[in-house]
Each structure stands twice: as structure tokens, then as C-alpha cells.
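Here's the structure we're looking at; comments come further down.
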Amino acid sequence: MSKDNRDAQLLEQLEGYKDNEQALSNKRLYLYFTQMAKCAYCGQPLHIERLGTGDYDVDHIIPRSYLKDDSLRNNLVLVHREENETKGNTYPLPAQMRSTQMQQDWRMWQSCGLINKEKLSRLERSSELTESDKQDFVARQLVETSQAVKLVRDLLKLFLPDTEIALAKAGVSSDFRREMVEFAKDSDGHVQKDADGRPVVCRLLKPEYVKCRELNDFHHAKDAYLAIVTGNVLHSKFTSDPRRWFAGRGDGGSSGGISNSRNDIGREQNNLSRIFWHEQHAFGSGAVVWNTNAMLDTVNFHMGRDDVLVTQRTFMKTAGQNGGFYDQNIISKHAGSDSLIPLKSDDTRFADTGSYGGYRTLTNSHFVLLRFADRHGKECRKIVPVPLLYKDSNKALHAYLAQNSAANYELLCEIPFKSLLKVDGYPVYVDGSSSGLLVSNAKQLALDVDKTVVLKNGLKLLEKRKKDKNYTVTPYDGVDEDSNLVLFRHFVGCMLGGYAKRPSIDAPLAVISTPNAEQCFAKMSIPEQIEVLVDISRLFRRVASSSSCVDLRPFGDARSMSGSTSVPLALNSSKTYKLIRQSVTGLLEKELDLWELSGDSKPDATRSYTQPVLSDVGSAVVTTASATANAVSGTAYDDTAANTAANKTADVVA
């Protein structure tokens, strides 16, 4: 085929994706067009219908054993598989791949804007990588460049002058999560090695590493744990300046220096995820900071835990929307002038809301618990929001609180936003108020690995269909009717079990827990099932009250918004109400019974905490660097040290 005909064919193929730009996010298809349908190593034609076969490979120009760079723009090319096998794990490219014709093709791609100068430079380079190049590769993956992160480090140094603060890049722990493997072991439990001294890969790590942000908040703690594990190892090995390590190990020794030998294990240490395949030693002292055989099981254990303590920062608002005391949108006089606030309280011309309209929704600063007697003399208790407008005016605030309770009321305690409240033992966070107290779920849902994978794959499928409404489900999406039904039944079991006391669960539970609902679910298509599962999952998540609803219409019910989390402002005498004051870590807490509080037992404003029963909390949280190191190495954890640290933290916060 002539060049002109091939170019015309390529343009025609590209035109076919004009209305389906999402498809071009596929790596192979993107590289196919940016390389003008030619192999980047030999220049021979590539065929679009063979992109999904094993005939072509996406290759790293600079191998990952030197540099972790998966960038399409800088380091990935589409090549014939045999060309990739010829190149192997070497760099620069073999001389025959840097022929005059290929260099002309590369430069033509660059001049057309199809590849950038960096990729062209990597393709054309003929000189061996220098030690300086290799040092830069490692430093690029280790050294934090964000000025914001460096400023935080400097601020921490001001408060903790005797503490060494190590910066850990998020990408390193992410790579560990994705690429860490489990190794084959002999009968004595030792990792087996091949002829070159490399560990023999047995299989990918156990899937405790599955991460699903939409499931619960545990991933924050697990990300932090991995950052500590990987950051401690890398900081101990390379020090704060990776080039120092190279200078100290320039002989290419076994502690990690880079050798020019192709078979030397040291070269794998440029790829930081591979570092954890080998025993690692601290720079200078030589102490073991990572031993795969001894420490991997410990990391696996902690990553698989579902007893993470979750806390939220409580606060009182000092300003509303755009700094105002109420919703800044002006409401028309026709919306009901009796409930409106005058546009200007100090100007009588605008005091008439029936003529000029006004503002409606007051911004609340916090909440208070009031005790008063109703008209029959019965004691009542009520949680009342405190508008920011009245917070600093005793007279106006007294009138407002009296209007919402009784003339003679007693203020028992203040309740900040995001306070943890247990209603009949069920934990919720205080979010706001409307006709009732708006709360969000504080009971974290934990799923086993298989069910987590189903939910995560389902969310990915919905994202694909959002971008391409014609996308059809394939076996590679990892979702099927049977797995969806298992997860649906599990959700129903959760609603009947641990979440049975969740506020406003009754209406969705009455519909979803019926045999008819399961039959309806089984008849849905896979995408419809996924949408329902994601919808139901909101009942268990920490989301705003308005988002904690489920659409019951797929089950034949007319309600589209059911299950919004709220509780009445007035306390129900048949229910228990406990306000939980927590330290930052959640290790220490104080429980206040809202029915037992009296004017003589108001909570101390300085906040006092008690150690919760560990069986109730589920676990101790490691809060010191030494305790963290012990957690990784398997050393026994001392609760006393953690409690002391947590007490200090609570004191600082208070």
C-alpha cells in the first residue's frame, strides 16, 4: 500500500472515532494513531484489527527496572511482540532499532505533535545510562517536590524540633499495593531464590489490598499505614538525600548500589516497588529495615483489618455562606412572608417582607440541649440549633431558644457540628437541621474481599457507561448476576442485622427485604443491578442526609428518595441518647447520657476523656513512630505508651 493510501486509510479510521472519543483512552488505540499505525521499533505497519491480540506489546522505552514511568506521552510505545523480545530489558535501544529510517519517522511524529520531545529523546539516545542518570531516576521517585508538603514539614519541625520528619510520596505505597507479590517458600519458610538470586514469585499478594473509597473510610488509615511502612524503609535505606546513598554504595554492592551488570539485583532497585522483593538495610548502620520473609505477613494482617477507629473533627461555625448569617439567596415575597427574615434589620423601608421578600434559611453555629417542662408539667429535652445571627446576642438568643422550647428552659450542653451521637446505641454524626436533626451514618460497613471486588468493579462499570452510554458489559468487567445477587442478599442481611437501628431504615427495609424485591433484582440487567447495589450502599455510608437515600422504584414502590437519615429534635423518652466526646485518635472518649445531664453536671468545657473498653472499640491505634515500627516488625505493642501519646494529643486539641 502506498504512503498516500495508508495515510488516507488512517484518517478514515480516526474519523470513525469522532463520536466515540472515550475509546481513544485505550492505550493501544492511542499509540496506534500517534505512531501513524507503525511499530515504534521497526517501522513496519500495525493493523487496527489486531490490537487486541497478542501480536503487539505496549513497551517501556526505558525499562521499569530503571525507571517507573508509565506515561503514554514520555515512555510507552506500541511495538511488534518480537521486537519487544529482541529489545528485552535493555536501554538504550539496540542500534538496528535506531536506524536512519526509524529516526526520520520519530522526528516526523514529533514535528506533527504526535509525540513530545522527551519521548523522541529517549528513542534516539545512543549512550549508556550514567550513574548520574540512574541516581536521578531513583531520586525522582523518592524526593517530594510539592512546596505545600515541604511547608507542612517545616511547620511540624517548629512544633517537634527533636523529631525527624520523613516525606513519603503517595505513589510509592500505591505501587506497593498494586505490584507487591508473594514469594514461594521452602519447607523451612524461607523465600526460594532462582539462579540469579531473585526471589521466586509464587502469586500476587492476598487481596486484602483491595481499595474501594465508596465502601467506607478505612482506606484512609490503610493508606497511612502503607505510607509509614514504605516511607520508613525508603527513608532508612536512602536517607533524606538518595544521592548520598549512591555515593556510599557506588561499588554496586548488595545493599542496593546499582551495577552495570544486567543480572545484578541492584538494578531492580531503581523500580521502587521491586525494593520490597529483597531484604533492605538502613544506610550507615546496616540494620535490617525490611525482610520480606518476616514482615510481609504482618503487613498483610494489618491491611486486612476492619477494626479501624474513625473520628471526625467537631466544630462550631463562625460564618455562613459567603460569610452571611443565612442563605444569601433572596426569597420572593410570594414564598410566604411570615417565615422570612427582613433584608435589612436596621432599615424600616426593607423590614416589610410581604413587600420586598427576604432571607429564609438561617446559618446555625452549633446545637444545644435544652431541658424544660411542657404545658402538662412533663419534663422534655430537645436539641435546638443556635443560629449564627443570635449567637453573640444574649437577649435575642434567649428569645429564640424560648420560642423553640418554653419560657423557662435550662441549657444543659453544647453540641458542635460532626459530634458523635448514639441513638439507641446506633452511632451517627450531627450534620445540621431542618424539621429534624440531620445526621449521617457513623457505622462503617466492612465487606469481605469478594464482595468488595464486586462493588468496586460495579462502580467502574457505571463510570464506563457514564462516559459511553452504549457500552456493553464484557467478562473483563468482573461483574455477573450471581455475584450481584450474593451482594444484594448481604446488604439485606446488614439492614436486618447491624443496621436495623439506623435512623429512617424502616421504609427501605420494608420494601427491599421482601422476596418480591429479590425476584425483581434477579430480573434486572447487570447495569441495573449495579445501580441498585450502589444505591443501597448509600444507606451504610457516611454521606450527607440528603444523599443517604435509596430509590425504591425499581422494586415497584413509588418513592424515589427513601431512608434519609434524620432524627426528631425532641428526645424520645423511649430511646437512649449518648453524646460521645472523642480525642483526635478515637482512643480516648467520654460518654454523656443526654437524659441524665442536669444543670449540676454540665460537661467540663476543657474536655476530659476516659479510655474506652477495647472490646467495644475493636483495636488500639498506633500513634507513635516506635509503636508503628513495632506493628510492622511484629513486636508486642505497649498500650501505655499509646495512651500517654493520645492523652497529650487530646490535651493539645482541647
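Pairs, please: C-beta under 9 Å, at least 6 apart or cross-chain, first residue more than 10 Å from residue 118 (Cβ to Cβ) and in region 60-75, second among the aromatic types (Phe, Trp, Tyr) and open to solvent by 30 Å² or more (accessible area, probe 1.4 Å)?
Pairs found: 72/30.
Please pick out the residue among 320, 324 that is modelled with pLDDT under 80, crowded, with 19+ Cβ neighbours inside 10 Å and of a type outside the set (D, E, K, R).
Result of the check over 320, 324: 320.
State the number of residues belonging to region 156-175 that are loosely packed, with under 10 Cβ neighbours inside 10 Å and either part of a helix (DSSP H, G or I) or modelled with pLDDT under 80 (or both).
2
Out of the residues in region 176-221 that are modelled with pLDDT of 80 or more and open to solvent by 30 Å² or more (accessible area, probe 1.4 Å), state the one that is farthest from residue 293 (Cα to Cα).
Among residues in region 176-221 that are modelled with pLDDT of 80 or more and open to solvent by 30 Å² or more (accessible area, probe 1.4 Å), the one farthest from residue 293 (Cα to Cα) is 214.
Within region 382-403, can you find the residues that are of a type outside the set (Phe, Trp, Tyr) and open to solvent by 50 Å² or more (accessible area, probe 1.4 Å)?
389, 391, 392, 394, 395, 398, 399, 403
Report yes if residue 132 is in a helix (DSSP H, G or I), open to solvent by 40 Å² or more (accessible area, probe 1.4 Å) and of a type in the set (Gly, Ala, Ser), otherwise no. Break it down into steps so the answer makes sense when it comes.
Values: in a helix (DSSP H, G or I): yes; open to solvent by 40 Å² or more (accessible area, probe 1.4 Å): yes; of a type in the set (Gly, Ala, Ser): yes.
Against the criterion (in a helix (DSSP H, G or I), open to solvent by 40 Å² or more (accessible area, probe 1.4 Å) and of a type in the set (Gly, Ala, Ser)), residue 132 qualifies.
Consider residue 528 against the criteria (1) modelled with pLDDT under 90; (2) closer than 24 Å to residue 486 by Cβ: it satisfies all of them except one. Which criterion is unmet?
(1)
Applying the selection to region 452-501, what residues are touching a Gly at 6+ places or on another chain (Cβ under 7 Å) and farther than 19 Å from residue 210 by Cβ?
Scanning region 452-501 gives a single hit, 501.
Based on what the data block shows, is residue 131 under 19 Å from residue 28 (Cβ atoms) and over 30 Å from the mean Cα position of the chain (by Cα)?
no
Run down 522, 517, 507 and say which single residue is under 20 Å from residue 428 (Cβ atoms), in contact (Cβ under 8 Å) with a residue 12 or more places away in the chain and either in contact with a helix residue (DSSP H, G or I) (Cβ under 8 Å, 6 or more places away or on another chain) or not polar (S, T, N, Q) (or both).
Details: 522 fails: under 20 Å from residue 428 (Cβ atoms); 517 fails: under 20 Å from residue 428 (Cβ atoms).
Testing whether each residue is under 20 Å from residue 428 (Cβ atoms), in contact (Cβ under 8 Å) with a residue 12 or more places away in the chain and either in contact with a helix residue (DSSP H, G or I) (Cβ under 8 Å, 6 or more places away or on another chain) or not polar (S, T, N, Q) (or both) leaves just 507.
Yes/no matrix, rows are residues, columns are (1) surrounded by fewer than 17 Cβ atoms within 10 Å (Cβ to Cβ); (2) part of a loop (DSSP other than H, G, I, E, B); (3) modelled with pLDDT of 90 or more; (4) over 22 Å from the mean Cα position of the chain (by Cα):
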{"site": "429", "(1), (2), (3), (4)": "no, no, yes, no"}
{"site": "458", "(1), (2), (3), (4)": "no, no, yes, no"}
{"site": "469", "(1), (2), (3), (4)": "yes, yes, no, yes"}
{"site": "483", "(1), (2), (3), (4)": "no, no, yes, yes"}
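Do we have any residue at all in region 260-274 that's among the basic types (Lys, Arg), at pLDDT below 85, crowded, with 17+ Cβ neighbours inside 10 Å and within 30 Å of residue 448 (Cα to Cα)? So that I can check it myself, show each step before the final result.
To start, the set of residues in region 260-274 that are among the basic types (Lys, Arg) comprises 262, 267, 274.
Filter again for at pLDDT below 85, leaving 262, 267, 274.
Narrowing further to those that are crowded, with 17+ Cβ neighbours inside 10 Å: 267, 274.
Filter once more, so that each one left must be within 30 Å of residue 448 (Cα to Cα): 274.
Yes: one or more hits.
Working only within region 471-481, note down all residues that are assigned to a loop (DSSP other than H, G, I, E, B) and of a type in the set (Asp, Glu).
Hit for region 471-481 is 480, nothing else.
Listed residues 559, 542; which is open to solvent by 10 Å² or more (accessible area, probe 1.4 Å), touching a residue at least 40 places away in the same chain (Cβ under 8 Å), more than 23 Å from residue 428 (Cα to Cα) and outside any helix (DSSP H, G or I)?
559
Looking at 518, 531 in this structure, which one is surrounded by 17 or more Cβ atoms within 10 Å (Cβ to Cβ) and outside any loop (DSSP other than H, G, I, E, B)?
Sole residue among the options that is surrounded by 17 or more Cβ atoms within 10 Å (Cβ to Cβ) and outside any loop (DSSP other than H, G, I, E, B): 531.
With (1) over 16 Å from residue 66 (Cα atoms); (2) open to solvent by 50 Å² or more (accessible area, probe 1.4 Å); (3) of a type in the set (D, E, K, R); (4) in contact (Cβ under 8 Å) with a residue 40 or more places away in the chain as the list, and residue 117 as the residue in question, which single condition is left unmet?
It fails just one condition, (4).
Somewhere in region 578-589, is a residue among the charged types (D, E, K, R) and open to solvent by 60 Å² or more (accessible area, probe 1.4 Å)?
no
Sort out which residues of region 72-99 are in a helix (DSSP H, G or I), among the charged types (D, E, K, R) and either open to solvent by 30 Å² or more (accessible area, probe 1.4 Å) or at pLDDT 95 or above (or both), and write them in order of number.
Scanning region 72-99 gives 81, 82, 83, 85, 98.
Would you confirm whether any residue within region 568-589 is of a type in the set (Asp, Glu) and at pLDDT 90 or above?
Within region 568-589 (the criterion being of a type in the set (Asp, Glu) and at pLDDT 90 or above), the answer is yes, since at least one residue qualifies.
The values are calculated or read from the model by the stated rules, or taken from the named source; none is laboratory data. Computed from a predicted model, the values in this text were never measured in an experiment. We place every Cβ from the backbone using ideal geometry, glycine too, and count neighbours over all the protein chains shown. All accessible areas refer to the heavy atoms of the entire protein, side chains included, with ligands and DNA or RNA removed. Shrake-Rupley method; radii C 1.70, N 1.55, O 1.52, S 1.80 Å.
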